[in-house]
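Written below as structure tokens is the structure these notes are about.
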Amino acid sequence: MAGSIKEFLPALPDEKIDMLAATSVLQQKASEIRAQRVNWQSYFQSQMISQEDYNFVIKFDGTDAVTREKVLREERAQCARTFLNLLGHVSKDQTVQYILIMIDDMLQEDSSRVEIFREHAARKHESVWGPFLNLLNRPDGFITNMTSRIIAKIACWGSEPMDRSDLHFYLTWLKDQLKQNCDHVKNNIVLDVHVSGPVSPQQPLPPPNNSGEFISDNPANEYMQSVARCMQMMLRIDEYRFAFVSVDGISTLLQVLSGRVNFQVQYQLTFCLWVLTFNPVLAEKMNKYNVIPILADILSDSVKEKVTRIILAVFRNLIEKVEDGAVAKEHCIAMVQCKVLKQLSILEQRKFDDEDISSDIAYLNEKLQTSVQDLSSFDEYATEVKSGRLEWTPVHKSAKFWRENAPRLVERNMELLRILVRLLETSTDPLVLSVASFDVGEFVRHYPRGKKAIEQLGGKQLVMQLLGHNDPNVRYEALLAVQKLMVHNWEYLGRQLEKEQTQGGKPAQGGSSALTAKA
């Protein structure tokens with residue numbers, strides 16, 4: 001599967017242009033630092049760097065591309081040795097920043113130069129990653145994010161993949177940077193609510209800078225596009241995708257996308273989801289993370305063509321790349337329930353310069369229309385429950401539906417029933433709690449062993465707790481569900497008494513009281 005995406009990716013925008021556009025804050029600061037030349041002679045005179053390191057850096061720093069190429073051709077081994085010695089012996093932040101910029105510029109000029117560091121590490125029998133991963137612990141945001149760029153380039157452009165433990169460390173670092181930003185945005189929203197009253201989800205964000213990026217005093221937020229860009233690079237490599245999933249990367253991407261982020265970050269993180277879906281195994285699992293509802297919400301609000309294009313591409317992959325037809329069908333139904341067909345109808349009226357958008361709209365329209373025609377009431381119900389977005393759709397109130405389908409809630413190790421109970425425990429949405437309570441009651445009413453199944457999963461206690469909920473609709477539906485649980489017990493008791501009277505004329509000794517106790 002890795003081959004498929006590599007064949008497709010050359011059609012994407014030029015790597016260097018995309019890199020610059022996506023990391024403008026980092027690039028702006030790099031330009032400022034690059035202009036403040038380092039006095040290498042003072043470092044040499046104070047014996048902080050050796051003669052050979054001084055000789056190399058003087059030849060290399062500040063020269064044109066032709067001269068740099070000549071120096072690297074003649075002193076290839078010395079290049080890695082000098083840069084790593086400088087990073088190891090110089091502590092001043094500004095100088096470390098300058099060294100990292102030199103390394104990054106060198107690699108950007110020619111991607112094959114990443115092998116210079118691999119060759120040096122092989123000669124020394126050392127890890128190529130150690131010196132760079134250590135820098136990720138520095139407090140300076142520019143140093144850590146410029147280092148992260150370099151690591152991504154070596155990991156993606158080199159001849160050998162990143163070692164498992166180092167890969168896990170690096171991907172965890174990237175994920176944590178995103179999560180810090182997400183937490184920072186949430187804290188700001190809480191502060192806004194405290195100071196200014198309720199904040200609408202549609203309330204405009206503070207004005208961005210020229211690149212569309214919001215500046216704050218939080219380093220994770222300031223460099224968010226740079227972090228996302230590193231993820232975009234890493235996740236193009238199939239071997240790195242499962243490692244990313246293992247560090248809970250998909251959940252983090254979606255957590256950030258669910259928050260208030262600008263269109264550039266929306267595009268970059270959705271791009272990450274897109275490249276993940278080229279792997280059929282990951283494409284099948286993707287909607288377990290609720291990716292379809294979250295992207296459908298962004299699609300309905302998006303005014304940027306690049307964001308629209310990448311979301312449609314994700315949706316197409318979730319149908320096209322999935323090898324299990326049943327899962328592809330589930331994805332189609334989820335898109336229908338999230339009003340994607342309506343969005344496609346709106347998008348059809350717009351004129352797009354990108355032919356891929358028109359192609360994806362036509363493809364999705366055909367698949368979703370077909371799924372609507374084939375849609376059974378149970379398919380609709382199951383997809384709605386799995387999405388976690390319960391509403392008063394017609395299936396919930398249909399007695400015929402519950403008579404025919406209540407037993408299906410215990411299929412696959414009670415998969416749907418477990419989800420309903422989990423929603424009762426975790427959801428904060430009164431509508432979801434009301435519908436879930438109603439469904440539990442209907443399940444118990446129409447499935448003979450329903451009470452036992454609900455009690456086994458802890459659902460009875462959760463429903464009873466909702467009797468004290470502050471929303472009157474939740475209290476009402478919880479009360480009805482509790483009544484159905486109790487009525488079910490008495491119905492069961494009545495049937496058992498009738499059965500005993502028919503078989504033996506009178507109950508066995510202690511039978512009636514035992515049944516009463518059980519009820």
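What follows is calculated from the coordinates using simple rules that are stated; it is not laboratory data. Quantities reported herein were computed from a predicted structural model and do not represent experimental measurements. Methodologically, a virtual Cβ is constructed for each residue, glycine included, from the backbone with ideal geometry; neighbour enumeration extends over all protein chains shown.
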**Message:** On a straight-distance basis, which aspartates and glutamates could pair with Lys288 in a cross-link, Cα separation under 14 angstrom, same-chain partners fewer than 8 positions away excluded?
**Reply:** Asp248, Glu330, Glu384, Glu415
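Just to confirm the filter: which chymotrypsin sites (Phe, Trp or Tyr not before Pro) across segment 338-430 are DSSP coil and have at most 16 other Cβ within 10 angstrom of their Cβ?
On the way: sites: Phe352, Tyr363, Phe378, Tyr381, Trp392, Phe401, Trp402; in loops: Phe352, Trp392.
Taking segment 338-430 and a limit of 16 other Cβ atoms within 10 Å, the loop chymotrypsin sites (Phe, Trp or Tyr not before Pro) found are Phe352, Trp392.
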**Prompt:** Quick one: if you take sqrt(5λ) for each eigenvalue of the C-alpha gyration tensor of segment 431-488, what semi-axes come out, biggest first, whole angstrom?
**Reply:** 18, 11, 9
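Filter the trypsin sites (Lys or Arg not before Pro) in segment 318-386 down to the DSSP loop ones having no more than 12 other Cβ atoms within 10 Å, then list what survives.
Details: sites: Lys321, Lys329, Lys339, Lys342, Arg350, Lys351, Lys367, Lys386; in loops: Lys321, Lys339, Arg350, Lys351.
Here the sparse-neighbourhood loop sites are Arg350, Lys351.
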**Request:** Treating cross-link reach as a plain straight distance, find the aspartates and glutamates whose alpha-carbon is under 16 Å from the alpha-carbon of Lys484, omitting any fewer than eight places away in the same chain.
**Result:** Asp439, Glu442, Glu455
**Asked** Taking the Cα centre of each part, how many Å lie between segment 106-136 and segment 227-262?
**Response** 24 Å
**Asked** Which length gain, in nm to one decimal place, applies between Arg350 and Asp374 when the Cα-Cα distance is subtracted from 0.36 nm times their residue separation?
**Response** 5.8 nm
**Message:** On a 26 Å Cα-Cα criterion, which of the cross-link pairs Lys400/Lys460; Lys175/Lys367; Lys304/Lys386 come out too long?
**Reply:** Lys175/Lys367; Lys304/Lys386
**Request:** Using packing as a proxy for protection, rank 225-237, 255-267, 468-480 so that the peptide with the highest average count of other Cβ atoms within 10 Å comes first.
**Result:** 225-237, 255-267, 468-480
